[in-house]
Amino acid sequence: MEESLLEILSRYVSPRAAESLLGRATETRKPANPGEWARLVEGVIWPELRRLLPFQEMPPELKAWVREMKALAAQEAEGEEQEEEEELRLETVDLEDPAARTALAQRLARLEGVVGVVVAGESGREELFAGEPVPLDPFHLLLKRQGYQTFYGLLQNNLVAMRALGQGYIGLVARKETNVGRLLHNLRRLASLSEVEG
């Protein structure tokens, strides 16, 4: 960002003057993102440039650069908002409904790196494994005994991530190199019907 701004400023003043102008503008604090760069140009650099040269309005190249920075800032903000929304959006699941268990297991099985899924309620379970099934009930008992809601660990060459929901649980078995943060994020978004209603 700094280089492209310097390059544009050098079209109106000498490269040394452009560096000096930018240096003074960022003396106290260097902008950390595109939005801050746009504000710096509009609030500090442009008034200074206007004082030095006979410009009535911001030159087209500089104006285009500011517009680009604002667009980048808007995209970043949108991305952060989406992430926050995803974090906050809880999904209610009914572990006692066979159709709901099946649909959830199929969806979780499509997550990157996942090789096995167990969706277990009191009245039944849905298991999907790409290879040999991995018994996850012992982990669920451990989870309950320790009072944890979410848990992950390494089992042989696999990663196991689990979430206790009501009397049941959801377990994921994934390849060792899988992003565990993404798996846990998907599990933490799930809430049981009894928790939501109760």
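Annotations for the structure displayed:
- Estimated FRET transfer efficiency when R0 is 45 angstrom, pair residue 16-residue 77 (beta carbons, to 0.05): 0.80
- Per residue of the chain, the DSSP helices (runs of n ≥ 4 H) give a summed -39500 (n - 2.57) that works out to -15000 deg cm²/dmol at 222 nm.
- Dipole moment magnitude, nearest 20 debye, region 1-132 about Cα centre, only Lys, Arg, Asp, Glu C-beta charged: 1180 debye
- Among 124, 171, 116, residue whose mean-square fluctuation peaks in a GNM of the chain (springs only between Cα atoms under 10 Å): 124
- Theoretical FRET efficiency, 1/(1+(r/R0)^6), r = Cβ-Cβ of residue 142 and residue 107, R0 35 Å, to 0.05: 0.85
- Share of carbon and sulfur in the accessible area of the chain stands at 49%, probe radius 1.4 Å.
- Net +/- balance of residues flanking residue 138 in space, Cβ distance below 13 Å, scoring K and R +1, D and E -1: +1
- A value for log10 I(q)/I(0) by the Debye sum over Cα atoms at q = 0.13, 0.16 Å⁻¹ was derived from the coordinates, and within the list [x] -0.76, -1.08; [y] -0.64, -0.97; [z] -0.71, -0.92 it appears as [z].
- Across the options 60, 100, 157, the greatest Cα extent toward the positive end of the charge dipole of the chain (unit charges at beta carbon of Lys, Arg, Asp, Glu) belongs to 60.
- Residues considered: 131, 153, 121. Largest GNM mean-square fluctuation over the chain, using C-alpha springs under 10 Å, is found at 131.
- Range in the chain, longest, excluding exposed chymotrypsin sites (Phe, Trp or Tyr not before Pro) [loop by DSSP; at most 14 other beta-carbon atoms within 10 Å]: 56-147
- The slack between residue 99 and residue 33, meaning 0.36 nm per residue of separation minus the straight C-alpha distance, is 19.1 nm.
- Counted residue by residue at 0.36 nm each, then reduced by the alpha carbon distance between them, the extension gain from residue 193 to residue 129 reaches 20.5 nm.
- Sequence-distant lysines (8 or more away, or on other chains) whose Cα lies within less than 26 Å of residue 30: 63, 70
- For region 13-57, the per residue solvent-accessible surface stands at 65 Å², with DNA, RNA and ligands left out and a 1.4 Å probe.
- Residue among 68, 57, 122 with the largest mean-square fluctuation in a Gaussian network model of the chain, springs linking Cα atoms under 10 Å: 57
The values are calculated or read from the model by the stated rules, or taken from the named source; none is laboratory data. What you are looking at is a predicted structure, and each value in this text was computed from that prediction instead of being measured. Positions of Cβ are backbone-derived with ideal geometry, glycine not excepted, and every protein chain shown enters the neighbour counts. Note: accessible area is taken over every heavy atom of the protein model, side chains too, but ligands, DNA and RNA are not part of it. Shrake-Rupley method; radii C 1.70, N 1.55, O 1.52, S 1.80 Å.
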